[in-house]
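Laboratory data are not the source of any read-out in this text; all were calculated from the coordinates shown. Predicted model, so just to flag it, every value in this text is computed and none were measured. Quick reminder, even Gly has a Cβ in these numbers, built from the backbone with ideal geometry, and neighbours come from all protein chains shown.
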Amino acid sequence: MAKRSLSALIVATLIAGTAAAADAPKAPAGYVLTGETKHCLQTRRIDSLRIINESQILVEMSNGEAYLQQPRSCSKLRKSYAFVYDATMGTLCDTTAITLHDTTPDFGLTGVCIFDDFRKLEKQSAAAD
């Protein structure tokens, strides 16, 4: 019986590890993940928030830094979506709720997402290509 329980535990661990690896963010083209994260960014330093695919947002800062944002509890993102968030505290944090609005002729509320940690990106050098 103990052998069967151990086997089940190993299989469960392998499945959980595979799921975690599948959820691990991938850097957008032209960037690499540095491993550094931030919990908050100052909104006055943010140049742009750009949806790059169905699950990721590229945050570009005025000082040239870039961060990857992969919101939690979010439906698929579309490039036609605009963000609305409360910036009264001057920061965008890993707990910030953003509201998505579709900017196409069918304009309307499309959902709410919760930001996660901001993962720092570094531009890939031409030699790395």
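With a sphere of radius 9 Å drawn around the Cβ of ALA66, what net charge do the other residues whose Cβ falls strictly inside it have (Lys, Arg +1; Asp, Glu -1)?
-1
Given the Cα-Cα distance of GLU36 and THR99 and 0.36 nm per residue of separation, how much length would full extension add, in nm?
20.0 nm
With the Cα gyration tensor of region 31-124 in hand, convert its eigenvalues to equivalent ellipsoid semi-axes via √(5λ) and list them largest first in whole Å.
Result for region 31-124: semi-axes of 22, 15, 12 Å.
Charges on Cβ only, +1 for Lys and Arg, -1 for Asp and Glu, centred on the Cα centroid of region 31-124; of ILE46, LEU92, PHE115, which one is farthest towards the dipole's positive end?
After comparing all options, I get ILE46.
Roughly what would the spin-label model give for TYR85 and ARG72, points 7 Å off Cα along C-beta, in nm?
It works out to 1.4 nm between the two label points.
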